[in-house]
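Data first, discussion second: the structure below is written as structure tokens.
The values are calculated or read from the model by the stated rules, or taken from the named source; none is laboratory data. The shown structure was predicted, so the numbers you read here are calculated from the model rather than taken from an experiment. Neighbour counts run over all protein chains shown; Cβ positions are idealised from the backbone, glycine included.
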Amino acid sequence: MKIAVIGTGYVGLVTGTCFAETGNDVVCVDIDTTKVQKLSNGQITIYEPGLEKLFLRNLKEERLRFTTDLEDGIKEAQIIFLALPTPPGEDGSADLKYILGVSDQLGKILKDYKVIVDKSTVPVGTAEKVHAAIKKNCKGEFDVVSNPEFLREGVAVDDFMKPDRVVIGTSSDRARKIMNDLYLPFVRQGNPIIFMDERSAELTKYAANSFLATKITFMNEVAQLCERLGADVDMVRRGIGSDERIGKRFLFPGIGYGGSCFPKDVQALVKSSQEVSYDFRILNAVMDVNEKQKLHLMPKVKKYFKDNLKGKHFALWGLAFKPNTDDIREAPALYMIDALLKEGATVAVFDPEAMNNVKQLIGDKVTYSESQYDALENADALIIATEWNEFRTPNFLKIVTSLKNKVIFDGRNLFDIAAIRELGFYYESIGRAPANPTK
Ligand code: UDX
């Protein structure tokens, strides 16, 4: 099939590359000339494991190309994906200016029948708005379909190639058939393509992300309770997660969820609810708890250092909002850094992928270390904010030699309490009793 993808951000690039990988001809369109030049020259613009190999192969085999020219980009396409940003506006609702702007332009240039697909996360009713914006100027035939993405950063290629489900919102039989043909190669293992109306598809995306954010937040609150009641959240997690109705995944407590999706989508769903006079109370609580959870380690750090962090120096491992990405949007690490600096402490940071992004954001407010061990030099304690694999079984001898005190505050529960107790560390984590608390 011939496909155009408008917008070469995270979702657009993964979508375009993966459709090319299954043999489709894909043209990606973006207004950013530098980006298009880079991509055309084989320089990938995002970090996503496994993507570069597919990107280069499909570029070489000419199933994937990039252009800034919208008209040229969509000329041959049967299906046009809109993978454009929907940033939160000042009031928290998703801003549709990019989507509707492109829809308006499309209306002026569409000639023959095309399926226009909303891939971006958009509020309920957007498909109708896109339809109206195109229709305004358009003489040709077209259908608008809602097809939300459920990609996780870090495993996006896998999520795209082997989705748990594909959700397609359309009321047109013609569009339904085309979308079904397009996605069949991705669901060979038997996972469903679920067809529904446009509004239900749009809401599905928000409901999925908000539910997951709620699940994590629920566990974060259980962790709070564990600390106060002397229970161990790891045990409680396993105890409840083995009930199939609850499920094992997304039950890991930590210093809050971050990233580009959960915070934005929960906020947008609250806003959409308000617009139809519904108070989505549970989501207000989720947002509130998560804000506080990002700083959950701070009272523990302050208590250990007797409420005086002035002149103290901390090593911070992990800046990305989660492992296997360089994305620092809403990353709990940034909240920790801010709080530590405000208390008069200094911070040396290390992250395998996200250091450049942090440098661009906060410059020399912190020191950037060459390795996870360099960050420890002369630090009063180690703080862990992201569960990168390389932090899971570190060389504890090196940690002991470099740190001034054997003290670790772990926001991601990486270490076994008994083992770390044995090593003699004062260790605080989330929802578990501290190790060697009398130190
Ligand atoms: C999420 C959705 O999973 C994906 O379907 C959607 O398309 C985009 O948003 P992503 O933001 O990439 O994907 O990350 P995800 O792996 O879902 O993690 C989100 C946040 O939750 C991270 O901050 C992570 O650290 C946190 N998390 C996740 C927990 O704190 N505990 C868990 O058990 C799982």
Test set (1) closer than 15 Å to Arg412 by Cβ; (2) more than 10 Å from the ligand (Cβ to nearest atom); (3) buried (at least 18 other Cβ atoms within 10 Å of the Cβ); (4) touching a residue at least 40 places away in the same chain (Cβ under 8 Å) - Gly258 fails condition number: (2)
Matching residues in region 139-158 - criterion: being within 16 Å of the ligand (Cβ to nearest atom), more than 15 Å from Ser260 (Cβ to Cβ) and in contact with a strand residue (DSSP E or B) (Cβ under 9 Å, 6 or more places away or on another chain): Ser146, Asn147
Scan of region 135-192 for residues that are touching a Leu at 6+ places or on another chain (Cβ under 8 Å), of a type in the set (A, V, I, L, M, F, W, C) and within 26 Å of Asp265 (Cα to Cα), ordered by number: Ala156, Val157, Phe160
Unmet criterion (only one of (1) at pLDDT below 95; (2) away from the ligand (no atom under 16 Å from the Cβ); (3) touching a strand residue (DSSP E or B) at 6+ places or on another chain (Cβ under 9 Å)) for Lys264: (2)
Among the candidates Val166, Val130, Val157, Val122, residue that is closer than 20 Å to Val29 by Cβ, within 19 Å of the chain's Cα centre (by Cα) and in the same structural domain as Ile6 (by TED's automatic domain parsing): Val122
When residues of region 260-295 are limited to those that are part of a loop (DSSP other than H, G, I, E, B) and in contact with a Ser or Thr (Cβ under 8 Å, 6 or more places away or on another chain), the one nearest to Pro88 (Cα to Cα): Cys261
Per-region count, region 212-247, residues among the β-branched types (Val, Ile, Thr), part of a helix (DSSP H, G or I) and farther than 18 Å from Asn290 by Cβ: 2
Residues located in region 196-251, provided they are away from the ligand (no atom under 15 Å from the Cβ) and under 30 Å from Gly169 (Cβ atoms): Met196, Asp197, Glu198, Arg199, Ser200, Glu244, Arg245
Scope region 8-49; condition of a type in the set (Gly, Ala, Ser) and farther than 17 Å from Phe150 by Cα; matching residues: Ala20, Gly23, Ser40, Gly42
Neighbours by Cβ (under 9 Å, 6+ apart or cross-chain): first from region 1-25, part of a strand (DSSP E or B); second of a type in the set (Ser, Thr, Tyr) and crowded, with 24+ Cβ neighbours inside 10 Å: Ile3/Thr15; Val5/Thr15
